[in-house]
Amino acid sequence: MAKKVTKIGVLTSGGDSPGMNAAIRAVVRTGNYYGLEVFGIMRGYSGIIENDIIPMHSRSVANIIQRGGTILKTARCKEFFQPEGRQKAYQNLKKLGIDGLVIIGGDGSFRGADIFSREFDIPCIGLPGTIDKDIAGTDFTIGFDTAVNTAVEAIDKIRDTADAHDRLFIIEVMGRDAGYIALHSGIATGAEHILIPERKTDIEELVESLQEKERRKKLVNMVVVAEGDEFGGANEVAKVVKERLPFTDTRVCILGHIQRGGSPTCLDRLIASRMGYAAVESLLEGRHNVMVGILNNRMHYTLLERAVKSKQKISDEWIKIVKILAS
Ligand code: F6P
């Protein structure tokens, strides 16, 4: 029989993502509903180590569902990956009587939670909060939809000016290890080429394809590159393209961190709310060391260690669609 959880802590960790506030709100209000004491932990795991932990009530999360960023702030905490750091964290949680944690973050944050919860008897529930969507066991991650829509809006605008000048644009979107933002925003904006870390980039093929487009007077072209593409980001790709196609009017645009901010879309608010609610229910049901996800519109629980190691695969069909539709 699992120990009954009475006081829980919630934190956001790693890169922020739009919808984290909606998830915090759901955790606090669901916790309160079930009579739990809920604490907000500031700046991810750093807040546990430094004892920067505040009680939260229904009113503490008023008027935040629509806000980007995270009211709890976030950090990537190296100290938590040292045994001494985790020991300190455990002592601080124990002092406050916190007996369950909800961690909203990406795979690095889950790795920390997994180790911590194996060492100490504190159940940890992960919620996938990352714009990169690079976590297995869920169809959605909190923030991806907003980020990809931000990218789409920006690329649409770039296409307007590209069209006016007959230009080639090489646009870099976020995604250090994953090409989902590039793939989705590229398809949705009719990009001619999409370069992602999951596929080896054939730069020759790209150059030849652009040359061929030039021959048939197709002068407006958009290449969307994920920042983590193994060939390099937009600047590296542009360097080769400019050398090989010196008469093509080429520009580079790096979208950067605008993709991480902004008001979350309806979808991100909904999944964050569902996941936050399910996280508290999970703790009450005695689950531990799992990530709450949504698969085929049902809640799905993946062991943190598996959510950590597996990455989603990008199917060949997506790549085929890009080629056919951008011809
Ligand atoms: O949160 C994920 C992510 O946005 C990646 O796509 C990107 O590579 C990374 O974070 C950037 O992190 P930072 O803001 O620390 O430079």
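Any residue at all in the stretch 286-298 that's β-branched (Val, Ile, Thr) and over 18 Å from Ile125 (Cβ atoms)? No, because not a single residue in the stretch 286-298 is β-branched (Val, Ile, Thr) and over 18 Å from Ile125 (Cβ atoms).
Would the stretch 27-34 turn up any residue that is in the same structural domain as Asp268 (by TED's automatic domain parsing), among the aromatic types (Phe, Trp, Tyr) and surrounded by 18 or more Cβ atoms within 10 Å (Cβ to Cβ)? Lay out the reasoning, then the answer.
Of the stretch 27-34, the ones in the same structural domain as Asp268 (by TED's automatic domain parsing) are 27-34.
Next, from what is left, pick out any that are among the aromatic types (Phe, Trp, Tyr): 33-34.
Checking which are surrounded by 18 or more Cβ atoms within 10 Å (Cβ to Cβ) leaves us with none.
No, the conditions are met nowhere in the stretch 27-34.
Within the stretch 10-26, does at least one residue satisfy the condition of being of a type in the set (D, E, K, R), touching a residue at least 12 places away in the same chain (Cβ under 8 Å) and either outside any loop (DSSP other than H, G, I, E, B) or within 16 Å of the ligand (Cβ to nearest atom) (or both)? Yes, the conditions are met somewhere in the stretch 10-26.
Yes/no matrix, rows are residues, columns are (1) more than 17 Å from the chain's Cα centre (by Cα); (2) farther than 19 Å from Arg176 by Cα:
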position: Gln66; (1), (2): yes, yes
position: Ala75; (1), (2): no, no
position: Val102; (1), (2): no, yes
position: Asp107; (1), (2): no, no
position: Ser117; (1), (2): yes, yes
position: Asp121; (1), (2): yes, yes
position: Ala136; (1), (2): no, no
position: Phe140; (1), (2): no, no
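Kindly establish whether Arg67 is more than 21 Å from Gly286 (Cα to Cα), within 16 Å of the ligand (Cβ to nearest atom) and outside any helix (DSSP H, G or I).
So Arg67 fails the test.
When we screen Ile71, Ile49, Ile64 for residues that are open to solvent by less than 80 Å² (accessible area, probe 1.4 Å) and in contact with a Gly (Cβ under 6 Å, 6 or more places away or on another chain), the only hit is Ile49.
The values are calculated or read from the model by the stated rules, or taken from the named source; none is laboratory data. Fair warning: this is a prediction, and the values are worked out from it, not measured in the lab. Quick reminder, even Gly has a Cβ in these numbers, built from the backbone with ideal geometry, and neighbours come from all protein chains shown. Note: accessible area is taken over every heavy atom of the protein model, side chains too, but ligands, DNA and RNA are not part of it. Shrake-Rupley method; radii C 1.70, N 1.55, O 1.52, S 1.80 Å.
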